[in-house]
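The values are calculated or read from the model by the stated rules, or taken from the named source; none is laboratory data. Model, not experiment: these values are computed from the prediction. Cβ atoms come from the backbone with ideal geometry, glycine included; neighbour counts cover every protein chain shown. With ligands, DNA and RNA removed, areas are computed over all heavy atoms of the protein, side chains included. Shrake-Rupley method; radii C 1.70, N 1.55, O 1.52, S 1.80 Å.
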Amino acid sequence: MATITVLRAGPQTTIQDWPGRIGYWKVGVPPSGPMDDLSFRLVNKAVGNSDTAAGLEATMMGPALRFDAPAVIAVGGAPAPVTVSGRPVAPWAPVEVAAGEVLDVGAAADLGMRVYIAVSGGIEAEDYLGSRSTFTMGRFGGKDGRKLADGE
């Protein structure tokens, strides 16, 4: 299985999926999933994933991620500077990343505050109550129910 190393997590980068965790309000679990589900689904489409594939949602500033195997990624949502090993890449388009290269997503600019990152094949995460979306207050979903951390 290919892995991604989190070199810099950013202030709030989480694993999300669409449509997220729904239907549990009656037991006190609010809906979970991407805040901007259209942007989330569009970056998944750009890399050939289904709408429901898990991806990353970064709030205010994105992560720096090193890929240990070749991958195809797409970044969309709020405008932000994006590079692969120092080379600027266009938003909303599939980009090939070679093994060992680093995807670096900077701070969200003028419009919006959430940036979405899709990886071909999706991000692996356990399903909890029908979703892999992170719910940090409940401490479930995603990566151990929390935001990503540097060095993972």
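Check off (1) assigned to a strand (DSSP E or B); (2) surrounded by fewer than 15 Cβ atoms within 10 Å (Cβ to Cβ) for GLU152 and give me the number that stays unchecked.
Against the list (1) assigned to a strand (DSSP E or B); (2) surrounded by fewer than 15 Cβ atoms within 10 Å (Cβ to Cβ), GLU152 comes up short only on (1).
If you take the residues in the stretch 100-130 that are at positive phi and among the small types (Gly, Ala, Ser), which one is modelled with the lowest pLDDT? Even if it seems obvious, please write down each step before you answer.
Taking the stretch 100-130 and keeping what is at positive phi, we get 100, 112, 121-122, 129-130.
Next, from what is left, pick out any that are among the small types (Gly, Ala, Ser): 100, 112, 121-122, 130.
Values: GLY100: 98, GLY112: 93, GLY121: 97, GLY122: 97, GLY130: 96.
Out of the qualifying residues, it is GLY112.
Enumerate the pairs (first residue in the stretch 37-57 and within 15 Å of VAL115 (Cβ to Cβ) and open to solvent by less than 20 Å² (accessible area, probe 1.4 Å); second residue anywhere and assigned to a helix (DSSP H, G or I) and of a type in the set (S, T, N, Q)) with beta-carbon separation below 7 Å, excluding pairs fewer than 6 apart on the same chain, so at least 6 apart or on different chains.
Cβ pairs passing all conditions: GLY55/ASN44.
Please enumerate the residues belonging to the stretch 44-58 that are over 14 Å from GLY20 (Cβ atoms), in contact with a strand residue (DSSP E or B) (Cβ under 8 Å, 6 or more places away or on another chain) and assigned to a loop (DSSP other than H, G, I, E, B).
Selection gives VAL47, GLY48, ASN49.
For the stretch 113-149, which residues satisfy the criterion of being touching an Asp or Glu at 6+ places or on another chain (Cβ under 8 Å), under 24 Å from VAL102 (Cβ atoms) and open to solvent by 50 Å² or more (accessible area, probe 1.4 Å)?
ARG114, LYS143
Out of all the residues in the stretch 122-149, which are assigned to a loop (DSSP other than H, G, I, E, B) and within 14 Å of the chain's Cα centre (by Cα)? Break it down stepwise before answering.
Start the filter on the stretch 122-149 by keeping residues that are assigned to a loop (DSSP other than H, G, I, E, B), which leaves 122-127, 129-130, 132-134, 136-139, 141-142, 144-145, 147-149.
Those that are assigned to a loop (DSSP other than H, G, I, E, B) and within 14 Å of the chain's Cα centre (by Cα): GLY122, ILE123, GLU124, ALA125, ARG132, SER133, THR134, GLY141, GLY142, LYS147, LEU148, ALA149.
Report the residue count in the stretch 20-36 for those that are more than 12 Å from the chain's Cα centre (by Cα) and surrounded by fewer than 17 Cβ atoms within 10 Å (Cβ to Cβ).
9
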